[in-house]
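The values are calculated or read from the model by the stated rules, or taken from the named source; none is laboratory data. Since the structure is predicted, the reported quantities are computational estimates derived from the model, not experimental observations. Counting neighbours? That spans all protein chains shown, and the Cβs are built from the backbone with ideal geometry, glycine included. These area figures cover heavy atoms from the full protein model, side chains too; ligands, DNA and RNA do not enter into them. Shrake-Rupley method; radii C 1.70, N 1.55, O 1.52, S 1.80 Å.
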Amino acid sequence: MDKKFVEAINVQLNFEIESAHVYLAMQNYFAAHSLKGFEHWFQIQFREELEHAQKFMDYLNSRGERVDIRGFASPKNEFASVLEILEVSLNHEKEVTKRINNLMAMAIELKDYASVSFLNWYLNEQVEEEANFSELIEKVKMGGPNGLLMMDHQLAKR
Ligand code: OFO
């Protein structure tokens, strides 16, 4: 594979692990505020991010390339409200989408069609990730304080 593209995938797989930590901090914020449903929902989100990272790692390994694990800055642990968490999350996902789009553009440019096919999964996943957070934001905005508790109940079912 093209070396610059391998490097770009390494950057992204490390960003997926960083994303996992972003949601892990949020999960524990909800735990501290006794919002069990949100806690559970963000725990699943945390695990999904690790799966996204794993998929990239498996892909590089299967193509005979080297995975390079790196560090990252501490995530944000304190928030003013549930709405703030969801808005930070949506913006985070928009950033991920931008990065995946850039990887796809690189794969097309390189005529690396195996990577184009591989990255399609992430493009679809990002549509879902952004939709999930947009929907939660709308529900919190509409619901008021009682709505938040009802939502907490529902999110326990993810
Ligand atoms: Fe891996 O999609 Fe969210 O960050």
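A compact table of results
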| quantity | calculated |
| --- | --- |
| Residue-normalised accessible area of the chain, expressed per residue, 1.4 Å probe, Å² | 54 Å² |
| Cα-derived Rg to Rh of the chain, Kirkwood definition | 1.03 |
| Point-charge dipole on Cβ atoms (K/R +1, D/E -1) for the chain, about Cα centre, debye to 20 | 120 debye |
| Residue order for LEU119, LEU110, LEU149 - accessible surface, 1.4 angstrom probe, largest first | LEU149, LEU110, LEU119 |
| Candidates per GluC sites (Glu not before Pro) in the range 45-83, loop by DSSP, up to 12 other Cβ within 10 Å | GLU78 |
| Carbon + sulfur, % of accessible area of the range 3-155 - ligands and nucleic acids excluded, 1.4 Å | 55 percent |
| Cα pair distances in the range 102-158, grouped into 5 Å bins until the bin that holds the longest one, percent each | 4, 17, 17, 14, 10, 8, 9, 9, 7, 4, 1 |
| Trypsin sites (Lys or Arg not before Pro) within the range 95-130: DSSP coil, no more than 11 neighbouring Cβ in 10 Å | LYS111 |
| Whole-angstrom gap from the range 1-34 to the range 63-98, using each part's C-alpha centre | 5 Å |
| The range 64-157, Rg to Rh (Cα coordinates; Rh as Kirkwood inverse mean 1/r) | 1.10 |
| Cα→Cβ-extended label distance, 7 Å offset, between LEU149 and ASP68, nm | 5.2 nm |
| Simple label model, 7 Å out from Cα along Cβ direction - ASN77 to ASN124, nm | 3.9 nm |
| Cleavage-rule hits (trypsin sites (Lys or Arg not before Pro)) in the range 44-87: DSSP loop, at most 10 neighbouring Cβ within 10 angstrom | ARG66 |
| Greater than 28 Å apart at Cα, pairs in LYS55/LYS94; LYS36/LYS98; LYS36/LYS94 | LYS36/LYS98 |
| Residue among SER19, SER74, SER89 with the largest mean-square fluctuation in a Gaussian network model of the chain, springs linking Cα atoms under 10 Å | SER74 |
| Segment ASN91-ALA32, length gained on full extension (0.36 nm per residue, minus Cα span) | 18.9 nm |
